[in-house]
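What follows is one structure encoded as structure tokens, with my remarks underneath.
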Amino acid sequence: MPMIEFESVTKQFPDGTVAVEDFSFTLPSHRTTVFVGSSGCGKTTLLRMVNRMVEPTSGRITIDGVDIAGRDKVELRRSIGYVLQSAGLLPHRRVVDNVATVPLLNGVPRARARSEALALLDKVGLDQGLARRYPRQLSGGQQQLVGIARAVIARPALLLADEPTGNLHSGQAREIMALFKKLNDEGTTVVQVTHSEENARWGSRLITLKDGWLENANA
């Protein structure tokens, strides 16, 4: 049940844009923390620094007291579930193999990984008949659901979710939030970025950002 700590973290991009400035905060384990704020406030940058998709300019980030800068990037990312706003599916792989990506990388036999992937399609509300299609043959909402299934299939101890329900209708969004809540109750630490007030209500801790700074935090 990972605890994440940001210690005086700043991120300045090469063009001079400061996305995050001197951010310090501890995200508790076994909780859902939600970053909210307007576009450009730094919330996605903070999320992407946790799995080292973005590197901080200064400061450090630890998970359970271990500085992630010293961890292998591939190993770190495989240990973390990550839902991208754009789904980020592999276009040359069928749906079932997109979902099974992490188990396959971890050495799970293909037949078992595919079986688990098919079962998870049901849980996110997708017809198993879509399993052999390619991402280009799916709607935006369907692609998003496949991306969510891929992120949670290995039951990660830590799940990062960037606008996970942006392409979903309200009923689907509630189902996905309920799935995240179930994972949370079973021990997964969830960190989510959202614009949605409804999604934010699912969080046990709400962090409001403005211009790269911590503006407010509600336990």
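Within the stretch 1-28, how many residues turn out to be assigned to a loop (DSSP other than H, G, I, E, B) and free of Cβ contacts under 8 Å to residues at least 40 places away in the same chain? Give the steps one after another, and end with the answer.
Just the residues of the stretch 1-28 that are assigned to a loop (DSSP other than H, G, I, E, B), to begin with: 1-3, 13-17, 28.
Now drop any that are not free of Cβ contacts under 8 Å to residues at least 40 places away in the same chain, which leaves 13-17.
Qualifying residue count for the region: 5.
Looking at (1) surrounded by fewer than 19 Cβ atoms within 10 Å (Cβ to Cβ); (2) touching a helix residue (DSSP H, G or I) at 6+ places or on another chain (Cβ under 9 Å); (3) farther than 18 Å from residue 196 by Cα; (4) not acidic (Asp, Glu), find the lone condition where residue 129 falls short.
For residue 129, the failing item is (2).
Pick out the one residue from 194, 188 that is under 24 Å from residue 114 (Cα atoms) and either polar (S, T, N, Q) or free of Cβ contacts under 8 Å to residues at least 24 places away in the same chain (or both). First the steps, then the outcome.
Details: 194 fails: under 24 Å from residue 114 (Cα atoms).
The match here is 188.
The rows are residues; the columns are (1) within 20 Å of residue 120 (Cβ to Cβ); (2) surrounded by fewer than 19 Cβ atoms within 10 Å (Cβ to Cβ); (3) at pLDDT below 95; (4) in contact with a Phe, Trp or Tyr (Cβ under 9 Å, 6 or more places away or on another chain).
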position	(1), (2), (3), (4)
58	no, yes, no, no
62	no, yes, no, yes
90	yes, yes, yes, no
96	yes, no, no, no
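Which one of the conditions (1) in contact with a Pro (Cβ under 7 Å, 6 or more places away or on another chain); (2) at pLDDT 90 or above; (3) not basic (Lys, Arg) does residue 107 fail to meet, given that it meets all the rest?
Unmet for residue 107, out of (1) in contact with a Pro (Cβ under 7 Å, 6 or more places away or on another chain); (2) at pLDDT 90 or above; (3) not basic (Lys, Arg): (1).
Hey, can you tell me all the residues within the stretch 126-151 that are assigned to a helix (DSSP H, G or I) and either free of Cβ contacts under 8 Å to residues at least 12 places away in the same chain or among the hydroxyl-bearing types (Ser, Thr, Tyr) (or both)?
128, 129, 137
Can you find a residue in the stretch 9-18 that is hydroxyl-bearing (Ser, Thr, Tyr), under 16 Å from the mean Cα position of the chain (by Cα) and either at pLDDT 95 or above or on the phi < 0 side of the Ramachandran plot (or both)?
No, that holds for no residue.
Just checking, how many residues over the stretch 170-218 are charged (D, E, K, R) and touching a Lys or Arg at 6+ places or on another chain (Cβ under 7 Å)?
The qualifying residues number 1.
When you check residue 154 against the structure, is it at pLDDT below 90, assigned to a helix (DSSP H, G or I), over 13 Å from residue 36 (Cβ atoms) and of a type outside the set (Lys, Arg), yes or no? Quick ask: steps written out before the conclusion?
Details: at pLDDT below 90: yes; assigned to a helix (DSSP H, G or I): no; over 13 Å from residue 36 (Cβ atoms): yes; of a type outside the set (Lys, Arg): yes.
Criteria not met by residue 154.
Looking at the stretch 169-206 only, could you name the residues that are assigned to a strand (DSSP E or B) and surrounded by fewer than 22 Cβ atoms within 10 Å (Cβ to Cβ)?
Answer for the stretch 169-206, where residues must be assigned to a strand (DSSP E or B) and surrounded by fewer than 22 Cβ atoms within 10 Å (Cβ to Cβ): 205, 206.
Can you name the condition, by its number, that residue 18 falls short on among (1) among the aliphatic types (A, V, I, L, M); (2) in contact with a Leu (Cβ under 9 Å, 6 or more places away or on another chain); (3) farther than 15 Å from residue 206 by Cα?
(2)
Quickly run through the stretch 1-27 and pick out the residues that are out of contact with any Gly (no Cβ under 9 Å at 6 or more places or on another chain), buried (at least 16 other Cβ atoms within 10 Å of the Cβ) and not hydrophobic (A, V, I, L, M, F, W, C).
2
The values are calculated or read from the model by the stated rules, or taken from the named source; none is laboratory data. In this text the structure is predicted, and so the values were computed from the model without any measurement. In this analysis, Cβ positions are derived from the backbone assuming ideal geometry, glycine residues included, and neighbour counts consider all displayed protein chains.
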